[in-house]
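Colleague: Structure in structure tokens, see below.
The values are calculated or read from the model by the stated rules, or taken from the named source; none is laboratory data. Source: prediction; values computed, not measured. A quick note on method: Cβ atoms are made from the backbone with ideal geometry, for glycine too, and the neighbour counts reach across all protein chains shown. For the accessible areas, the whole protein counts, side chains as well, though only heavy atoms, and no ligand, DNA or RNA atoms are used. Shrake-Rupley method; radii C 1.70, N 1.55, O 1.52, S 1.80 Å.
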Amino acid sequence: MKPRRRSVLLSTAASAAACAVLATGCGAPGSATADEDTVTVMTWAPQGTSATDMPGMPAMAQAYARWVNARGGIDGRRLKVLTCNDHNDTVRAARCANRAAKEEVVAVVGSYSQHGRSFMSALEQAGIPYIGGYGVAHQEFSSPLSYPVNGGLPALVAGNGRQLAAGKCSHVSLVRPDTSAGDQLPPLLDAGLAGSGAGRATDVRAPEGASAYARQAGQALKGAEAGAGDGTGDEAGAGDAGRARSGGSGPCVTAVLGGRTDAFFDSFRRLRKDAPGVRTASVLGSVRQSLVDRTGGRRSPLEGAYATGWYPASDDPRWAPMRKVIDEHAFGDDRVDGSDPGVQTTWVAYTVLRQVLESLGGAAPTAESVRRALDRGDTVATGGLTPKLNWGYDNMLAARDFPRIVNAKVTYQRVREGRLVAVHKGFVDVEETLESGAAPAS
């Protein structure tokens, strides 16, 4: 990867953040160790809640551990995976982090939590690196102890804007969670749409835990259709004339609601019958193959929907090693869905962990030694599932709010004949879009 541009402000802020963390004693409790025969890590994610659940991530971590242990472990050491359920709750997220410190794990790997303020400070105090978080908490892209493997939700939404711009949407409505994490999304989508003629997206806030979204579906439809012809876009106009001047081919609605996206599209489907020209979109994670299958396959209301992801499409041959591990070591656990970006992120994160542990030269891993290995800036390969990764200082993003992003690549997919398929060869770099559309820190 090419060196990143750095501003004086960013350099100062990043240095101050690192010093603050070190001042709290990164190296003191951070001497978390494994014994000579075992290396212990943790994976957490919410389960059994009314909002976004990600049970496949800890299940994938456990399957990965069974696989490597059946092959002799990592550098001859057994991998022990502890799991924790943060219940989408601030207090419980902090408890998971505190447990990680108490258990002296060497890293938290391939995990999901929206509550970065709660868990990251505890990890920083203990000196525990956070490798391959899902990317929904701002702190994952600002803490010097976070090592993201993808660009998180910011990259997906910025990329989704770029994808919709390429699809010539005349105007876009964004349906997103009414949360602090959701507040970051509209500026990023707008940055992706910039210059397309679609103008700024209509921002529709929605509760995370709702079972139906009729009101929000109505707002999204009204906003998309009105924006297409009322001058909201860069080219004002009415009806078809306005769409023609803006280069658009009709209004679009994109929903980023995680596990509740299917509930939104169910509500939207009923209204859409009267507006068949409105196209739909989302990001991978909010939409996945299992959702398309469950909602009718080729007859799914998601047929034709645009989708932006971090990784190659789930049928790509590069996922074959992961699928083999799932087949042989998940024991039919239906939580482990190989098309789920959460499961995929956990696989990529553990791929990184394994290479880092193997780079330690046979010494018993500690949180500190893992952290130092990551900070060296050595390149880590993920079998083509991401660009080659490294977390050296010069490789990070020149964006004030997301300085820890080292992988700003996304993929474009679309639902065609009931399957999520790639519609663009290779990765799309949204680095400049992220730098121009960074939202205020939450």
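Colleague: Inspect all residues belonging to the stretch 160-173 and state whether any of them is among the charged types (D, E, K, R), under 16 Å from Glu431 (Cα atoms) and open to solvent by 20 Å² or more (accessible area, probe 1.4 Å).
Modeller: Within the stretch 160-173, one or more residues are among the charged types (D, E, K, R), under 16 Å from Glu431 (Cα atoms) and open to solvent by 20 Å² or more (accessible area, probe 1.4 Å).
Colleague: Then there is this: Is it fair to say Thr386 is more than 15 Å from Ser146 (Cβ to Cβ) and in contact (Cβ under 8 Å) with a residue 12 or more places away in the chain?
Modeller: yes
Let's see how each residue does on (1) open to solvent by 10 Å² or more (accessible area, probe 1.4 Å); (2) more than 26 Å from Gly182 (Cα to Cα); (3) in contact with a Ser or Thr (Cβ under 6 Å, 6 or more places away or on another chain):
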residue	(1), (2), (3)
Ile74	no, yes, no
Ser113	no, no, no
Gly116	no, no, no
Gln125	yes, yes, yes
Glu140	no, no, yes
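Colleague: Test Val91 against the stated conditions and say whether it is farther than 17 Å from Gly135 by Cβ and in contact with a Lys or Arg (Cβ under 9 Å, 6 or more places away or on another chain).
Modeller: no
Colleague: Return only the number of the condition from (1) within 19 Å of the chain's Cα centre (by Cα); (2) open to solvent by 10 Å² or more (accessible area, probe 1.4 Å); (3) not aliphatic (A, V, I, L, M) that Asp378 does not satisfy.
Modeller: Failed condition: (1).
Colleague: If we scan the stretch 314-328, do we find a residue that is open to solvent by 10 Å² or more (accessible area, probe 1.4 Å) and within 25 Å of Gly192 (Cα to Cα)?
Modeller: yes
For every residue, the table says whether it meets (1) modelled with pLDDT of 90 or more; (2) open to solvent by 50 Å² or more (accessible area, probe 1.4 Å); (3) outside any helix (DSSP H, G or I).
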{"site": "Leu22", "(1), (2), (3)": "no, yes, no"}
{"site": "Val39", "(1), (2), (3)": "yes, no, yes"}
{"site": "Lys80", "(1), (2), (3)": "yes, yes, yes"}
{"site": "Val91", "(1), (2), (3)": "yes, yes, no"}
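Colleague: Please verify whether Asp262 is more than 16 Å from the chain's Cα centre (by Cα), under 25 Å from Gly218 (Cβ atoms), surrounded by 15 or more Cβ atoms within 10 Å (Cβ to Cβ) and of a type in the set (D, E, K, R), treating the condition exactly as stated.
Modeller: yes
Colleague: Continuing with this model, one more query. Out of the residues in the stretch 329-346 that are more than 30 Å from Cys252 (Cβ to Cβ) and among the acidic types (Asp, Glu), which is most open to solvent (accessible area, probe 1.4 Å)?
Modeller: It comes out as Asp334.
Colleague: Please verify whether the stretch 297-320 includes one or more residues that are of a type in the set (Asp, Glu), free of Cβ contacts under 8 Å to residues at least 60 places away in the same chain and part of a loop (DSSP other than H, G, I, E, B).
Modeller: Looking for residues that are of a type in the set (Asp, Glu), free of Cβ contacts under 8 Å to residues at least 60 places away in the same chain and part of a loop (DSSP other than H, G, I, E, B), one finds none in the stretch 297-320, hence no.
Colleague: When you scan the stretch 91-144, how many residues do you find that are farther than 22 Å from Tyr393 by Cα, free of Cβ contacts under 8 Å to residues at least 24 places away in the same chain and within 17 Å of the chain's Cα centre (by Cα)?
Modeller: 0
Colleague: Conditions first: (1) of a type outside the set (Val, Ile, Thr); (2) out of contact with any Pro (no Cβ under 9 Å at 6 or more places or on another chain); (3) in contact (Cβ under 8 Å) with a residue 12 or more places away in the chain. Arg372 passes all but one, so which condition is the exception?
Modeller: (3)
Colleague: Related question: Quick one: what pairs do we get from the stretch 390-410, first residue open to solvent by less than 10 Å² (accessible area, probe 1.4 Å), second outside any loop (DSSP other than H, G, I, E, B) and among the β-branched types (Val, Ile, Thr), C-beta under 8 Å, 6+ apart or different chains?
Modeller: Val410/Thr308; Val410/Val428
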